[in-house]
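Quick notes on the structure that follows.
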Amino acid sequence: MNSTSARPRSRRVFDQSLLVLGAGALATGLAAMTLAPGVSAASSHREAPLIAGDPRADNTDVYAFTSPDKADTVTLLANWIPFEEPNGGPNFYPFADDARYNIKIDNTGDGNADVTYTWRFRSSYRDDANQFLYNTGPVTTLNDPDLNFRQVYDLVVTTGGKSTVLLSGVPAAPSRVGPASMPNYASLRNQAILNLPGGGKTYAGQAEDPFFADLRVFDLLYGGDLSERGQDTLAGYNVNSVAIQVPKRLLALKGNTGRNPVIGVWSTTDRRGVQVSDSRTKHGDNWKQVSRLGNPLVNEVVVPIKFKDAFNTLNPDQDRTVQPVVDKVLDPILPKLIQQIYGIPAPATPRRDLFEIYLTGICKACGPIQADLNAHRLNRDANRRDVVPAEELRLNMAVPPTARPNRYGVLAGDLAGFPNGRRLTDDVIDISLQAVEGAAQTGQLVPALADGDRVNANEVPFGTSFPYLALPHTKSVNSGPGVLQKSGTKNAAALGGLGALLLAVGGLRLRRSRKTS
């Protein structure tokens, strides 16, 4: 990306809002933390303090990209329930019946959803009085009598305040119990891919967790020893996914992709209003947002612990009003920690480039990054006075798919990748590390961090057609200490390679292969 160094710029687009509304919005968000089931009010891979109590409401990742094999459509994916161990029976991993799972699209730039897709699930057993198993024999179809537990869902789209039921009572793919119970899971998945009226497809069910990273980064950035990187912490785990592929015209402002190609995307989970006081839970009738996720790693790395749970209860139009969070975008914590541990100088603040990436989208008039890419200001029919800074995963739908995606996305000149939307193959850990160290300003990768976490690709290949996600794993993640002890190796990279060989279904592809994506 062509860029110049940061230059002074007026903060008038959000200063008044911060002064007038900041305290009120933060108070509202903090108060909303009590409006959650159990102890839940957070999102992503366990990044906020309260999320561990409600994994079925926990968003792990959001993806938005132009479909590589159907370029007139956009594919939106959202995942829930982190760290699903494949052998987690007998109940495995159902979606919550008392939750709404949403993917939201903002095409005007005002921080509010203009299009919302909502999945609602219902569970049932064929025989819960005389059986304890998820299935009682090999399952070959979604209506197989041997499938004891099943879920169906309704899919609703809301535009302009009007809700329309697209599908009702259709089957979700079950958890993948194992090869004996589900000898052809690919067939079950295909049966769960359904066409939508007006064009498009949907899928709901289990998938391999597509996020790849060495999460030991949270152990003081690998304990100050970069030689210890390279183990994909998410390898072998599954997630629950909802996916939708829709024509671009259904997402664009006024249905005109040519004039208005930019959308902002995020996912949320809503639960019926409940209030928790000590061990007492009171149920209500109102729906409350208990999790939210747009750009990856924002809540993990940017938002201070004190505000993580409150941040996840807010609508994006309120983000600019929360001074402590905006301050940590402009003056982030991570570069200072990298400087402290590894001696790499932190870029000068305020970080207008990060404000641009996370809150406004990228455009020449938005900040120091000299490119017009994915800011809502680029939509010709958007009212400039209504466009506000808001944390959303922004996608310019006019950028065509790349035949050979680069894992560094926009930082490597691949404009179809993160932070212009997010593809499954985008290496968001490495991209984010480079971004916080100023690579978007200089146009050059930081050499000292060029290897990132040394996990450059998923441990199994992704699919080439919707929903693109890999099939769920069936091998246990916990193979026992004897497996590693017998190998006789102490090298972290070698252990990571062994893990991939043990866990990748039908694959001999090492996750740290010479291929970048």
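At most 14 other Cβ atoms within 10 Å and a DSSP loop assignment: could you name the chymotrypsin sites (Phe, Trp or Tyr not before Pro) in the stretch 55-132 that fit?
Details: sites: Y63, F65, W80, F83, F92, F95, Y101, Y117, W119, F121, Y125, F132; in loops: F92, F95, F132.
The qualifying sites are F132.
Run the simple label-point estimate for D381 and V170 please: 7 Å along Cα→C-beta, distance reported in nm.
2.7
Search the structure for amide H atoms under 5 Å from the amide H of D61, placed 1.01 Å from N in the peptide plane, and list their residues when 5 or more places away or on another chain.
Residues meeting the criterion, in which the H sits 1.01 Å from N, are N79.
Taking just the alpha-carbon atoms of the stretch 105-262, what radius of gyration and Dmax come out, in angstrom?
20.4, 60
Dipole magnitude of the stretch 55-130 about its Cα centre, charges +1 at Lys/Arg Cβ and -1 at Asp/Glu Cβ only, in debye to the nearest 20? Present the calculation step by step, with values, prior to reporting the outcome.
Details: 7 positive and 13 negative charges, 39 e Å.
The dipole of the stretch 55-130 has a size of about 180 debye.
In Å, what Kirkwood hydrodynamic radius results for the stretch 64-124 from the alpha-carbon pair distances?
Working: mean 1/r = 0.0686 Å⁻¹.
14.6 Å is the Kirkwood radius here.
Using θ = phi - 60° and the Karplus curve 6.51 cos²θ - 1.76 cosθ + 1.60, what whole-Hz ³J(HN,Hα) does each residue of the stretch 227-233 get, with Gly and Pro shown as x?
Taking θ as phi minus 60°, the curve returns 6, 9, 7, x, 9, 6, 5 Hz for the stretch 227-233.
Distance cut-off 32 Å, Cα to Cα: go down the list K254/K336; K162/K328; K288/K336; K254/K288; K104/K306; K201/K328 and report the pairs above it. Present the calculation step by step, with values, prior to reporting the outcome.
On the way: K254/K336 44 Å; K162/K328 37 Å; K288/K336 36 Å; K254/K288 29 Å; K104/K306 26 Å; K201/K328 39 Å.
Over 32 Å Cα-Cα: K254/K336; K162/K328; K288/K336; K201/K328.
For the stretch 331-385, list log₁₀ I(q)/I(0) at each q in 0.12 Å⁻¹, using the Debye formula over Cα point scatterers of equal strength and ignoring solvent, two decimals each.
For the requested q values the scattering log ratios are -0.38.
Can you compute the FRET efficiency between Q370 and N130 using 1/(1 + (r/R0)^6), with r the Cβ-Cβ distance and R0 = 56 Å? Round to the nearest 0.05.
Values: r = 68 Å, r/R0 = 1.22.
Result of the calculation: an efficiency of 0.25.
For a protection proxy built on the mean count of beta-carbon atoms within 10 angstrom, sort 341-347, 374-380, 290-296 highest first, please.
290-296, 374-380, 341-347
Average the reciprocal distances over every distinct pair of alpha-carbons in the stretch 281-360, invert the result, and give the Kirkwood radius in Å. Please list the in-between numbers first.
Values: mean 1/r = 0.0705 Å⁻¹.
Hydrodynamic radius (Kirkwood, Cα only) of the stretch 281-360 equals 14.2 Å.
Residue by residue through the stretch 62-74, what is 3J(HN,Hα) from phi via Karplus (6.51 cos²θ - 1.76 cosθ + 1.60, θ = phi - 60°)? Round to whole Hz and write x for glycine and proline.
Karplus-based 3J(HN,Hα) across the stretch 62-74 equals 10, 10, 8, 7, 5, 4, x, 9, 8, 5, 8, 10, 10 Hz.
Give the long-range amide H neighbours of V139: residues separated by 5 or more places, or on another chain, with amide H under 5 Å away, using H modelled in the peptide plane at 1.01 Å from N.
M182
How far apart, in nm, are the 7 Å Cα→Cβ label points at N256 and T349?
Reported label-point gap for N256 and T349 is 4.2 nm.
Grab the other residues whose beta carbon is less than 11 angstrom from that of Y342, score K and R as +1, D and E as -1, and report the net. Intermediate values should be presented prior to the final figure.
Working: positive: none; negative: D225, E437.
Value of the local net charge: -2.
Which percent of the accessible area of the stretch 102-219 is formed by carbon and sulfur heavy atoms (probe 1.4 angstrom)? Spell out each step's value before the answer.
Working: 2450 of 4800 Å².
Of the solvent-accessible surface of the stretch 102-219, carbon and sulfur hold 51 percent.
Any idea what log10 I(q)/I(0) is at q = 0.18 Å⁻¹ for the stretch 316-469, Debye with uniform C-alpha scatterers and no solvent?
-1.17
For S291, list long-range residues whose amide hydrogen, built 1.01 Å from N in the peptide plane, is under 5 Å from its own amide hydrogen.
T269
The values are calculated or read from the model by the stated rules, or taken from the named source; none is laboratory data. Computed from a predicted structure; not experimentally measured. Using ideal geometry, Cβ is built from the backbone for each residue, glycine included, and neighbour counts are taken over all protein chains shown. Only protein heavy atoms, including side chains, enter the accessible area calculation; ligands, DNA and RNA are left aside. Shrake-Rupley method; radii C 1.70, N 1.55, O 1.52, S 1.80 Å.
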